[in-house]
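The structure appears right after this line, and notes come after that.
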Amino acid sequence: MSVASASPGAQFPSPPGGFAPAPVQSTRRGTELILIGFAILITTISLVLVEASQEQSITGDIAKYAAAYSALFLIAHLAVRRFAPYADPLILPIVALLNGLGLVLIHRLDLADAQSAAYFGLPVPSPDANQQVLWTTLAIAGFVAVLVLLKDYRLLARYSYTLGLAGLVFLAIPAILPSSFSEVNGAKIWIRLPGFSIQPGEFAKILLIIFFASVLVAKRDLFTTAGKHVFGIDLPRARDLGPILVAWMVSVGVLVLEKDLGTSLLLFSTVLVMLYIATERVGWLLIGVGLLGIGFFFAYQLFGHVRVRVSTWLDPLADYNNTGYQISQSLFGLATGGVAGTGLGSGRPAQVPFAKTDFIVATIGEELGLIGLAAVLMLFLILVIRGLRTALAVRDSFGKLLAAGLSFTIAVQVFVVVGGVTKLIPLTGLTTPFMSYGGSSLLANYLLLAILIKISDAAREPAVPKKKGPAPIADAPTEMVPRS
């Protein structure tokens with residue numbers, strides 16, 4: 001009998017019992033590697049374009065940065081392949097591309113600083129791109145360490161109160177330190193020591209998200225109990241408002257004592273969204289928005305630095321040479337970029353103060369235009385969506401809330417940064433995740449990424465069938481027992 005005329009059973013014989021084994025689920029790590037290769041290619045081409053435009057020649061810096069960047073993300077890929085083989089294959093490549101574009105822009109601004117120093121006869125500053133590569137190395141090391149050491153993300157719930165207390169301590173330290181050790185550009189959010197500085201709030205946000213995810217899961221019945229029914233909405237009982245009031249007081253305290261609107265808004269909005277996800281009650285959102293409005297109103301009335309931020313936001317040109325200079329230059333740069341941008345290396349983004357940190361979005365908008373900025377925002381959107389898909393797919397409630405909180409905090413941070421740079425909201429001082437120059441933000445976001453990848457791995461891992469125990473008496477086969 002020919003193969004064509006053979007029965008399907010003859011070609012693919014079924015095992016005893018009549019059921020074929022389930023196909024092995026692909027880990028998609030090959031797809032991840034290919035996408036990381038594209039990120040490396042785009043980053044390298046961008047470095048070439050920057051140097052060709054700025055110096056009309058190609059230097060050895062391109063090979064140095066491209067080699068270091070490639071090696072770091074290949075190591076990160078191997079770590080994911082080994083310790084989180086079923087993780088989402090898009091998350092790491094998207095972060096790799098964002099990090100690479102950030103390195104390109106920092107190198108581009110280094111070249112502008114060198115040209116400016118040469119023009120004024122000043123010493124050429126050391127390139128910040130070198131330091132960014134070093135910080136990326138430390139961040140990837142932290143990323144790999146979390147993947148290796150965190151065998152099960154659910155262990156974090158066991159230490160949630162300890163982690164929450166540590167997060168509050170991290171937030172409080174800059175507030176109680178003298179301004180000489182904690183204040184930069186008017187915000188008391190740093191711990192500054194000789195040769196070393198760190199922004200503890202970046203790590204506090206992760207610890208507090210873990211804490212609130214654990215509390216919301218453990219006390220879910222308390223939060224879902226309805227109080228008064230007003231205008232078709234079930235409001236929570238007054239005695240159940242404790243956690244959101246604590247989050248509100250912490251956020252207002254950060255705003256007042258540390259003069260940091262960005263972290264305050266980030267913390268409170270993330271907790272509020274996690275509370276809504278856990279309870280599915282609109283009443284919590286209404287109370288949270290009301291508390292946020294009350295806090296900002298009294299802060300505006302009582303504290304001068306809040307009024308300065310608001311007045312600068314409303315009319316930056318009113319005090320152009322002082323408080324309005326930064327946001328004004330940002331808007332001029334975005335207008336210069338237009339739709340298609342000036343091209344990598346062809347704009348003047350160095351005219352904006354802190355173009356490598358708080359205002360790197362303005363650099364993107366000027367040299368890559370609206371198209372390039374929209375593409376970067378789309379990458380962030382895909383990253384957040386993949387994180388939320390992980391929250392939907394994971395099986396346990398703690399993992400769902402933790403993945404949703406980590407994903408949403410990235411979304412809020414990007415919104416706050418882009419909103420401040422484009423004058424949609426007052427300036428906040430937050431940095432763009434994975435792109436801005438700085439060690440604390442980069443390290444904290446890679447730790448966040450590692451936790452999200454561990455949750456994604458657990459969500460996508462195929463279920464292992466449980467071993468069958470001994471058959472019940474009713475189902476046991478009949479046995480012939482010989483008479484003794």
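Data for the structure
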| read-out | value |
| --- | --- |
| Of the criteria (1) modelled with pLDDT under 90; (2) surrounded by 15 or more Cβ atoms within 10 Å (Cβ to Cβ); (3) in contact with a Lys or Arg (Cβ under 7 Å, 6 or more places away or on another chain), which one residue 305 fails | (2) |
| Criterion (assigned to a helix (DSSP H, G or I), of a type in the set (A, V, I, L, M), more than 23 Å from the chain's Cα centre (by Cα) and under 18 Å from residue 246 (Cα atoms)) met by exactly one of 272, 285, 291 | 291 |
| Top-ranked residue of the stretch 137-175 - restricted to ones that are surrounded by fewer than 16 Cβ atoms within 10 Å (Cβ to Cβ) and either in contact with a strand residue (DSSP E or B) (Cβ under 9 Å, 6 or more places away or on another chain) or of a type in the set (S, T, N, Q) (or both), ranked as farthest from residue 445 (Cα to Cα) | 162 |
| Candidates 434, 380, filtered to the one that is touching a Leu at 6+ places or on another chain (Cβ under 6 Å) and under 26 Å from residue 108 (Cα atoms) | 434 |
| In the stretch 212-227, residue nearest to residue 159 (Cα to Cα) [restricted to those that are in contact with a helix residue (DSSP H, G or I) (Cβ under 9 Å, 6 or more places away or on another chain), part of a helix (DSSP H, G or I) and at pLDDT below 80] | 220 |
| Hey, residue 6 part of a loop (DSSP other than H, G, I, E, B), at pLDDT below 85 and not hydroxyl-bearing (Ser, Thr, Tyr) or not | yes |
| Subset of the stretch 324-360 [under 28 Å from residue 184 (Cβ atoms), of a type in the set (Val, Ile, Thr) and part of a loop (DSSP other than H, G, I, E, B)] | 352, 357 |
| Wholly enclosed helices (runs of 4 or more DSSP H) of the stretch 119-211 bearing at least 1 residues under 30 Å from residue 276 (Cα atoms) and basic (Lys, Arg) | 155-158 |
| Those residues of the stretch 391-441 which are assigned to a helix (DSSP H, G or I) and either β-branched (Val, Ile, Thr) or without any contact (Cβ under 8 Å) to a residue 12 or more places away in the chain (or both), in sequence order | 392, 409, 410, 412, 414, 415, 416, 417, 418, 419, 421 |
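Listed here are the residues, each with its yes/no results for (1) surrounded by fewer than 22 Cβ atoms within 10 Å (Cβ to Cβ); (2) at pLDDT below 95; (3) farther than 30 Å from residue 202 by Cα.
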{"residue": "437", "(1), (2), (3)": "no, yes, no"}
{"residue": "455", "(1), (2), (3)": "no, no, no"}
{"residue": "468", "(1), (2), (3)": "yes, yes, yes"}
{"residue": "474", "(1), (2), (3)": "yes, yes, yes"}
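The values are calculated or read from the model by the stated rules, or taken from the named source; none is laboratory data. Please read all numbers here as calculations on a predicted model, not as lab measurements. Cβ coordinates were reconstructed from backbone atoms using ideal geometry, including for glycine residues, and neighbour counts include every protein chain displayed.
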